[in-house]
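Just below is one structure, and these are the notes that go with it.
The values are calculated or read from the model by the stated rules, or taken from the named source; none is laboratory data. This is a predicted model, so every value here is computed, not measured. Counting neighbours? That spans all protein chains shown, and the Cβs are built from the backbone with ideal geometry, glycine included.
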Amino acid sequence: MNYIEVKIQITPCSEVSTDLLSAFLGEIGFDSFVSFEEGLFAYIPSSLFDEDRMKRSFALVPVDCAIDYSVIEIPDRNWNEEWEKNYFTPIVIGNECVVHSSFHTDIPEVKYDILIDPKMSFGTGHHETTSTMMEMMLKTSFENKVVLDMGCGTAILSI
């Protein structure tokens, strides 16, 4: 599915203006937002994009500011593959454990080597809660204990 990316520059820009604008745009089909210093990137499936409705949403922002924007179409691509290539980097926990994928090279030698090809699930160890739990688990004895990983991804904590 192709997407529309709208780069919205807000002058002066504030957290209030970007929060309000993303809420109003969410009401008309925009489904993801990325803030930057001068404004907001907003994304919507091409089939739902209506420039007039977007402009009316701009007018709803009750903050005194100027809004300028540009629009580009983003062709469909495998976003999971893009994420794997550009953002999923190996993570080392407590110098004892490394979590990586089969396409990673230059993996450090550690006591625990966890290989995960995440695809569409969670569980790479990058989330702070997961990495903190893994660090705590490295310091804990699990001998003669039963452990349950009730996450919703790769079951990395149970591995």
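Within the stretch 39-70, the residues that satisfy the criterion of being without any contact (Cβ under 8 Å) to a residue 12 or more places away in the chain and under 16 Å from Ile4 (Cβ atoms) are Asp52, Lys55. Filtered by the rule that a residue be surrounded by fewer than 10 Cβ atoms within 10 Å (Cβ to Cβ) and either small (Gly, Ala, Ser) or farther than 29 Å from Lys139 by Cα (or both), the stretch 80-93 gives a lone residue, Asn86.
Just the residues that are in a strand (DSSP E or B) and among the aromatic types (Phe, Trp, Tyr), please, taken from the stretch 36-51.
Matches in the stretch 36-51: Phe36, Phe41, Tyr43.
Is it true that Ile114 is in contact (Cβ under 8 Å) with a residue 24 or more places away in the chain, β-branched (Val, Ile, Thr) and surrounded by 11 or more Cβ atoms within 10 Å (Cβ to Cβ)?
On the way: in contact (Cβ under 8 Å) with a residue 24 or more places away in the chain: yes; β-branched (Val, Ile, Thr): yes; surrounded by 11 or more Cβ atoms within 10 Å (Cβ to Cβ): yes.
Spelling it out, Ile114 is indeed in contact (Cβ under 8 Å) with a residue 24 or more places away in the chain, β-branched (Val, Ile, Thr) and surrounded by 11 or more Cβ atoms within 10 Å (Cβ to Cβ).
Evaluation of Ser102 against the conditions (1) at pLDDT below 90; (2) more than 23 Å from the chain's Cα centre (by Cα) shows that the sole unmet condition is (2). When Glu27, Glu38, Glu82, Glu51 are screened for being among the acidic types (Asp, Glu), on the phi < 0 side of the Ramachandran plot and touching a strand residue (DSSP E or B) at 6+ places or on another chain (Cβ under 6 Å), only Glu38 passes.
If I ask for residues that are of a type in the set (D, E, K, R), assigned to a helix (DSSP H, G or I) and within 26 Å of the chain's Cα centre (by Cα), which ones from the stretch 52-86 would you list?
Passing the criteria: Glu81, Glu82, Glu84, Lys85.
Is the stretch 94-103 home to any residue that is surrounded by fewer than 16 Cβ atoms within 10 Å (Cβ to Cβ) and under 30 Å from Pro12 (Cα atoms)? No, because not a single residue in the stretch 94-103 is surrounded by fewer than 16 Cβ atoms within 10 Å (Cβ to Cβ) and under 30 Å from Pro12 (Cα atoms).
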